Amino acid sequence: MLHLIYTFRPTAAARADLPAFWRWVGERERWFYDGLDMAHAPRWYVCTVGPGVHTLEHWISFADEAGWGDYRREVSRRSANPAWEQRRVEQDRWWDLLDARLLNDAPLPTARGDAKR
């Protein structure tokens, strides 16, 4: 598995109305990932201790690099649509992107004893 991980810092507007922020995150996730079947298991984490306290991590997984490539191509294709791109960039009101990275699962046995590939 390949995991795309974004780190966000909520903006002052988001921090001023956290219920509205989390509603927006949920709506955006449903809208953004609609039809992106290669993207699996979206997860959200809030950092509660450490230098990034109150930052968010968003994880999305892909079966392999081909799935990630398909995702990037489809997002690029969609971004050519001005209405879609305008909705995508409304995220700037809610968060600042601090980091993006890719992780691969290590080829070690899982807790169930299966070997990762």
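The values are calculated or read from the model by the stated rules, or taken from the named source; none is laboratory data. Please read these numbers as outputs of a predicted model, since none were measured by experiment. Cβ: placed from backbone, ideal geometry, glycine included. Neighbour counts: every protein chain shown. Heavy atoms of the whole protein, side chains included, go into the accessibility calculation; ligands, DNA and RNA do not. Shrake-Rupley method; radii C 1.70, N 1.55, O 1.52, S 1.80 Å.
Which of the residues that make up the range 2-45 are part of a strand (DSSP E or B) and among the small types (Gly, Ala, Ser)? Selection gives Ala41 alone. Residues in the range 80-96 that are surrounded by 14 or more Cβ atoms within 10 Å (Cβ to Cβ), in contact with a Lys or Arg (Cβ under 7 Å, 6 or more places away or on another chain) and farther than 19 Å from Gly35 by Cβ: Trp95 alone. The selection criterion, being open to solvent by 80 Å² or more (accessible area, probe 1.4 Å) and free of Cβ contacts under 8 Å to residues at least 24 places away in the same chain, does not hold for Pro42. When Ala63 is tested against (1) modelled with pLDDT under 95; (2) open to solvent by 40 Å² or more (accessible area, probe 1.4 Å); (3) among the small types (Gly, Ala, Ser), exactly one condition is not met: (1). Inclusion of Arg77 among residues that are without any contact (Cβ under 8 Å) to a residue 24 or more places away in the chain and either open to solvent by less than 20 Å² (accessible area, probe 1.4 Å) or out of contact with any helix residue (DSSP H, G or I) (no Cβ under 6 Å at 6 or more places or on another chain) (or both) is warranted.
Which of the residues belonging to the range 1-31 are hydroxyl-bearing (Ser, Thr, Tyr) and under 25 Å from Arg78 (Cα atoms)?
Initially, the range 1-31 is screened for residues hydroxyl-bearing (Ser, Thr, Tyr), giving 6-7, 11.
Those that are hydroxyl-bearing (Ser, Thr, Tyr) and under 25 Å from Arg78 (Cα atoms): Tyr6, Thr7.
The single condition among (1) in contact (Cβ under 8 Å) with a residue 40 or more places away in the chain; (2) touching a helix residue (DSSP H, G or I) at 6+ places or on another chain (Cβ under 9 Å) that Glu85 does not meet is (1). Of note, Phe8 satisfies the criterion of being more than 23 Å from Ala106 (Cβ to Cβ) and surrounded by 11 or more Cβ atoms within 10 Å (Cβ to Cβ). For Phe21, the criteria (1) open to solvent by 40 Å² or more (accessible area, probe 1.4 Å); (2) touching a Phe, Trp or Tyr at 6+ places or on another chain (Cβ under 8 Å); (3) under 19 Å from Arg87 (Cα atoms) hold in every case but one, which is (1).
Against the test of being out of contact with any Gly (no Cβ under 9 Å at 6 or more places or on another chain) and in contact (Cβ under 8 Å) with a residue 60 or more places away in the chain, the options Trp31, Trp24 yield a single qualifying residue, Trp24. If we scan the range 46-56, do we find a residue that is modelled with pLDDT of 95 or more, loosely packed, with under 14 Cβ neighbours inside 10 Å and in contact with a His (Cβ under 9 Å, 6 or more places away or on another chain)? Yes, there is a match, as at least one residue in the range 46-56 is modelled with pLDDT of 95 or more, loosely packed, with under 14 Cβ neighbours inside 10 Å and in contact with a His (Cβ under 9 Å, 6 or more places away or on another chain).
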